[in-house]
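The values are calculated or read from the model by the stated rules, or taken from the named source; none is laboratory data. On a predicted model such as this, the values are computed, not experimentally measured, just so you know. Quick reminder, even Gly has a Cβ in these numbers, built from the backbone with ideal geometry, and neighbours come from all protein chains shown. Note: accessible area is taken over every heavy atom of the protein model, side chains too, but ligands, DNA and RNA are not part of it. Shrake-Rupley method; radii C 1.70, N 1.55, O 1.52, S 1.80 Å.
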Amino acid sequence: MTNELNNWSKTKIKDFQATFLSWYDLEKRTLPWRENNDPYRIWVSEIMLQQTRVDTVIPYYLNFMNLFPTIQDLADADEDVLLKAWEGLGYYSRVRNLQKAAIQIVTEFNGEMPKDPALIATLKGIGPYTTGAISSMAFQLPIPAVDGNVMRVVSRLFEISEDIAKPASRKTFEKIMTDIIDPHKPGDFNQAMMDLGSSTCTPTTPTCNLCPINEFCQSFEKGTMLQYPVKSKKKKAKPVYYIGAIIKNNRGEFLLEKREEKGLLANMWTFPLVEEEPIIENTLLPLGGLTSKQPEDIEKQTLENLTKEIKENYQVEPVWLKKPFVEVKHIFSHLKWFIAVYFGQLIEDNDHEELPKNCKWVHPSEFDQYTFPGPQQKMWQAYLTKFKD
DNA sequence: AAGCCGGGGGT
DNA sequence: ACCCCAGGCTT
């Protein structure tokens, strides 16, 4: 028994479990992955739900299970089709690892999710949280599944002051959860934590008077709910500046480039992007703050650079609009992109030679066959709005 | 332990 | 503008 649980007798723990689970039986959300205990369905949902809200996940989940109804289907899937099914969800390595794990399951475990948590944890993309989630929900094993919800709820229940931003803190919460989880309904218990965290025990405005377990909550008793959880601040997203080049040829096609197979937005398609140093008069500013009123010589120099870069990298020399027609901003978890988007029209039919291997001319009617990340979606929408074709 | 990896919604 | 979200992998 941990120190945090000193004042919780075995009777109190059972009382807590009964109270909590009867609330869950009445109030649990109806969700597609709760229809049964199929480990595959649960697994896919858990991967999608990493850092992603339930409402966002549901339509993706339904589509995904329709496309890939079994682990074998997932293992056999074409990677482009797979990535397309994930388009817009973010953290795209999740879906690559999902397929790697499916192949692992087919080759090493006869196509069935192993029941041993130690084996589940060997699968790509499955860490401590997801191991606990699958083990408890699909196989009724009393393993905690500690996510952000659990750390918030538990930190309030027992007034735990450890910094939940630090990876090492997870063990403290796992230990407490191991002590209080209901061994007869571990899956329900873990999911009750999720539902409570999303509906009642929310980050900034918990509705403690409606909480089914407030009588057990130490911070509710003391009125310290808003002091928990303790979480150190993340660093701010770093700004990066690009020129975006939307280039159209005389067949109405646009130049697209496939990104590297590793790193940010791996294997996804965008219009050409040229990184720029936005240093004007020794000041680092977003291009977005300059384009509208930058001095003419700067404007001219930017266009010359763009012309040169595009010619060198893509062997084309379009006629450019002199100024960017839109400034796209896109915020990632760790980066902030500012893209000044230029439009160039290719007049001569010299667009079929020397194009780099990862580039293609694509007609807009075929864009739906390519996976576009957020910034690309924004550039294209801005183009459509501006030029209405 | 820290950094990398998306996107959307709430406040 | 900042925080949060059913985290995991790499270095």
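For the reader, a short list of remarks on this structure follows.
- Long-range tail of P(r) for the range A:203-282 (Cα pairs > 17 Å, %): 71 percent
- Percentage relative contact order, chain A, counting C-alpha pairs under 8 Å, at least six apart: 15 percent
- Area projected by the alpha carbon convex hull of the range A:88-219, averaged over all directions, nm²: 9.3 nm²
- Column: log10 I(q)/I(0), Debye, Cα scatterers of the range A:80-165, q = 0.11, 0.17, 0.21 Å⁻¹: -0.41, -0.84, -1.04
- Alpha carbon Rg of the range A:131-172, scaled by the compact-globule rule 2.2 N^0.38 Å: 1.25
- Kirkwood Rh, Cα atoms: Rg over Rh of the range A:1-51: 1.15
- Between 0 and 90 degrees, the angle of helix A:186-199 with respect to the longest Cα principal axis of chain A falls at about 60 degrees.
- In plain terms, the bigger the Kirkwood radius, the slower the diffusion; for the range A:39-100, with that radius from Cα pairs, at 37 °C and 0.692 mPa s, Stokes-Einstein puts D at 286 µm²/s.
- Debye log10 I(q)/I(0) for the range A:316-371, one point scatterer per Cα, at q = 0.26 Å⁻¹: -1.10
- Equivalent ellipsoid semi-axes, the range A:27-132, via Cα gyration tensor eigenvalues times 5, rooted, Å: 19, 17, 13
- Cα long-axis angle, helix A:296-314 against chain A (0 to 90 degrees, to the nearest 10): 80 degrees
- Inter-label distance, A:Thr30 to A:Gln381: 3.1 nm, where each label sits 7 Å from its Cα along the C-beta direction.
- Accessible surface, per residue, of the range A:3-227 when the full set of protein chains is kept, probe 1.4 Å, Å²: 47 Å²
- 10 Å-binned pair-distance histogram of the range A:3-227 (Cα, whole percent): 7, 33, 34, 19, 7, 0
- By the Stokes-Einstein formula, at 0.692 mPa s and 37 °C, chain A with its Kirkwood radius over alpha-carbon pairs has D equal to 136 µm²/s.
- Net charge, A:Phe343 excluded, C-beta distance under 11 Å - Lys, Arg +1, Asp, Glu -1: +4
- Using alpha-carbon coordinates, inclination of helix A:54-67 to the longest axis of chain A, degrees: 80 degrees
- Helices in chain A, meaning DSSP H runs of at least 4 residues, each add -39500 (n - 2.57). Divided by all residues, the mean residue ellipticity at 222 nm is -13000 deg cm²/dmol.
- Each principal axis of the Cα atoms in the range A:150-288 has its own extent, and those three values, largest first, are 70, 41, 29 angstrom.
- With the charge dipole of the range A:13-147 set up from +1 on Lys and Arg Cβ and -1 on Asp and Glu Cβ about the Cα centre, the Cα lying farthest toward the positive end among the listed residues A:Tyr92, A:Thr52, A:Gln104 is that of A:Thr52.
- When only alpha carbons are used to place a centre, the range A:259-276 and the range A:180-217 end up 41 Å from one another.
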